[in-house]
Structures are given as C-alpha cells and as structure tokens.
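Enquirer: Dropping the structure in here first, questions after.
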Amino acid sequence: MGDVAPDFKIETTSLLAGVPQKTFKLSAEKGKYVLVSFWASYDAQSRMQNVSISNVLRVSGNKNVEMVSVSFDEYRSICNETIRNDQLVASVCSWQAKGTRSDIYATYRLGRGLINYLIDGNGIIIAKNIDAANLSAYLKTLKA
C-alpha cells in the first residue's frame with residue numbers, strides 16, 4: 001500500500017451482443033477511486049470477494065468508486081456466465097484471453113493469488129484485498 005498502481009490498458013467485455021469493446025486505461029481515471037478486482041470463476045475466494053464487494057457498491061449507491069473486474073478465465077463464455085450469475089455491477093469488465101500469461105497478470109505479480117486493489121484519485125494503492133466490510137466503512141468516509 002502507498003505505492004503507485006502500475007498503469008494498464010485493457011479491452012472491455014460486453015455481455016450484450018453487438019455492443020463494441022472499449023478500451024479502459026487506468027491512468028485515464030485520475031481523480032476517481034478505482035477498485036480493480038482480479039478474479040477467475042475457478043477461484044472461489046476471488047469470486048466470493050467479487051460478489052460481496054459488488055453488493056456493497058450496489059447497496060451504497062456510491063458513485064465515487066468505479067469497479068474494474070478483470071477475469072483470467074480460460075474462456076470468455078465462462079467469464080460472461082459468471083458475471084451474469086453473480087450479478088456483478090462492475091462498470092468495466094475485462095476477460096484476459098491469455099489468462100495467467102497476460103501482461104496485466106505479470107504487471108501486478110498475481111502469481112501468489114487473485115486479489116483486488118483500491119486505488120485513489122492520484123493512482124496510489126490505498127488498500128489491497130479489501131473486504132466488503134472495510135469497503136463499506138471506507139465508502140462512508142467518501143460520502144462525508
């Protein structure tokens with residue numbers, strides 16, 4: 001924590017047929033809080049964390065934090081089905097076709113497990129592997 005978050009650029013995944021992909025770049029989000037969640041449907045812990053964090057964001061209605069969901073599933077269809085089943089509210093979803101061989105996986109050194117990062121408006125990592133309760137408490141301070 002306290003480090004500058006490594007910049008990355010990803011293509012978004014849309015669950016809607018015919019909706020074009022967009023490019024998301026972390027450094028373009030200056031001034032916004034970003035919660036980057038790295039997950040895969042086969043990783044129960046990252047998936048449960050994703051669901052609970054997504055629910056906190058949905059219930060809070062807080063627009064100060066943008067959730068970026070990055071899946072390392074082997075197939076896009078599995079990623080899309082998991083997003084649908086888990087009702088994730090991430091404003092940006094991305095499926096990494098290269099999975100654990102993708103650039104973002106290496107950049108964030110995810111070899112020790114799939115986690116999330118809360119990044120402030122200056123691009124500084126302020127929380128690593130934040131859980132739903134701590135995110136909820138943090139969102140209350142943002143509203144003040």
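Residues are listed down the side, and each one gets a yes or a no for (1) closer than 17 Å to Leu114 by Cβ; (2) of a type in the set (A, V, I, L, M):
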residue	(1), (2)
Arg47	yes, no
Val51	yes, yes
Val70	yes, yes
Ser77	no, no
Asn80	no, no
Gln87	no, no
Cys93	yes, no
Gln96	yes, no
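Enquirer: A follow-up question, please. If you check Val56 against the conditions, is it touching a Leu at 6+ places or on another chain (Cβ under 7 Å), closer than 19 Å to Val4 by Cα, surrounded by 13 or more Cβ atoms within 10 Å (Cβ to Cβ) and of a type outside the set (Lys, Arg)?
Expert: no
Enquirer: Another one. Filter segment 69-103 down to the residues that are closer than 19 Å to Lys25 by Cα and among the charged types (D, E, K, R) and list them by number.
Expert: Lys98, Asp103
Enquirer: For segment 17-26, indicate whether the set of residues that are in a helix (DSSP H, G or I) and more than 20 Å from Leu118 (Cα to Cα) is non-empty.
Expert: Within segment 17-26, none of the residues are in a helix (DSSP H, G or I) and more than 20 Å from Leu118 (Cα to Cα).
Enquirer: Another question, then. Exactly one condition in (1) polar (S, T, N, Q); (2) surrounded by fewer than 15 Cβ atoms within 10 Å (Cβ to Cβ); (3) at pLDDT 90 or above is not met by Asn64; state its number.
Expert: Asn64 satisfies all of (1) polar (S, T, N, Q); (2) surrounded by fewer than 15 Cβ atoms within 10 Å (Cβ to Cβ); (3) at pLDDT 90 or above except (3).
Enquirer: Of everything in segment 1-17 that's under 20 Å from Ala97 (Cβ atoms) and surrounded by fewer than 10 Cβ atoms within 10 Å (Cβ to Cβ), which residue is modelled with the highest pLDDT?
Expert: Only one residue tops the list, namely Leu16.
Enquirer: What is the number of the single condition among (1) surrounded by fewer than 19 Cβ atoms within 10 Å (Cβ to Cβ); (2) more than 21 Å from Ala28 (Cα to Cα) that Tyr138 does not meet?
Expert: Going through (1) surrounded by fewer than 19 Cβ atoms within 10 Å (Cβ to Cβ); (2) more than 21 Å from Ala28 (Cα to Cα) one by one, Tyr138 breaks only (1).
The values are calculated or read from the model by the stated rules, or taken from the named source; none is laboratory data. Since this is a predicted model, take the numbers as computed values, not measurements. Don't worry about glycine lacking a Cβ; one is built from the backbone with ideal geometry, like all the others, and counts go over all protein chains shown.
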